[in-house]
Amino acid sequence: MSVIQSIKERRAIRNYTTQPVEREKIEQLIEVGTYAPTDRLREPWHFYVFGEEKKQAYEQLATTYLEERFPTKPHLVESSLKVVRTTPVVIVVTSKAVKGDADATTDDLCATSCAIQNMWLAASELGLGFVWRTRGVGLVHDERLHTFIEASSDERIIGTIFIGYPEGDIPEPTKRTPAKEKTTWL
């Protein structure tokens with residue numbers, strides 16, 4: 001499949017079978033992530049891969065966070081936790097800040113996002129489902145996740161990735177705004 005077709009067919013997959021994902025495939029995804037473009041080859045990313053015990057503890061952390069955030073919406077808490085409970089692989093991705101250089105730090109956040117996109121595209125080729133979460137169950141904006149993964153103070157969490165073998169049909173493409181409506185030729 002062409003790169004263009006892979007990009008157009010990329011989907012967020014949130015439902016997984018119970019089949020474990022082979023460690024070799026996880027390592028391959030992380031390696032592909034490290035081939036993302038990066039300014040001055042700073043390679044700012046770090047990948048925190050949860051084992052079974054850490055995943056169980058993460059479920060409790062996510063439950064607490066979601067119950068605090070949505071106290072009157074238990075159905076939303078439950079539906080958000082489904083991916084946490086069923087996913088075989090959870091990876092938190094961080095980007096390291098460049099001390100005293102806000103612009104370089106922003107560049108590195110962008111590079112780390114590219115790393116996640118590389119992983120996402122490769123996951124499809126490996127027959128894996130993938131979703132990159134930031135808000136909600138991703139806990140990206142909650143300081144407790146930073147503490148939970150024992151990230152250093154100069155790391156910023158960019159996303160929580162859930163990976164597994166897809167259960168059910170792959171969603172159809174969503175309608176996108178035509179590129180010409182988002183383009184200005186100067």
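The values are calculated or read from the model by the stated rules, or taken from the named source; none is laboratory data. Here the structure is a predicted model, which means the values were calculated and not measured. Backbone-built Cβ (ideal geometry, glycine too); neighbour counts: all protein chains shown. All accessible areas refer to the heavy atoms of the entire protein, side chains included, with ligands and DNA or RNA removed. Shrake-Rupley method; radii C 1.70, N 1.55, O 1.52, S 1.80 Å.
The charge dipole of the stretch 138-186, taken about its Cα centre with unit charges on the Cβ atoms of Lys, Arg (+1), Asp and Glu (-1) only, comes to about 440 debye.
Tally up the carbon and sulfur contribution to the accessible surface of the stretch 110-186 as a whole percent, 1.4 Å probe, everything protein left in place.
52
Subtracting the Cα-Cα distance of A12 and E59 from their residue separation scaled by 0.36 nm leaves 14.9 nm. Over the chain, accessible surface divided per residue gives 61 Å², non-protein components excluded, 1.4 Å probe. How many lysine pairs in the chain, separated by 8 or more positions in sequence or lying on different chains, have Cα atoms less than 18 Å apart? The number of close lysine pairs in the chain is 6.
With +1 on the Cβ of every Lys and Arg and -1 on the Cβ of every Asp and Glu, and nothing else charged, how large is the dipole of the chain about its Cα centre, in debye rounded to the nearest 20?
Dipole size: approximately 620 debye.
GNM remark for the chain: springs join alpha carbons under 10 Å apart, and the peak mean-square fluctuation among F130, F50, F148 falls on F148. Taken over the Cα atoms of the chain, the convex hull encloses 163 Å³ per residue.
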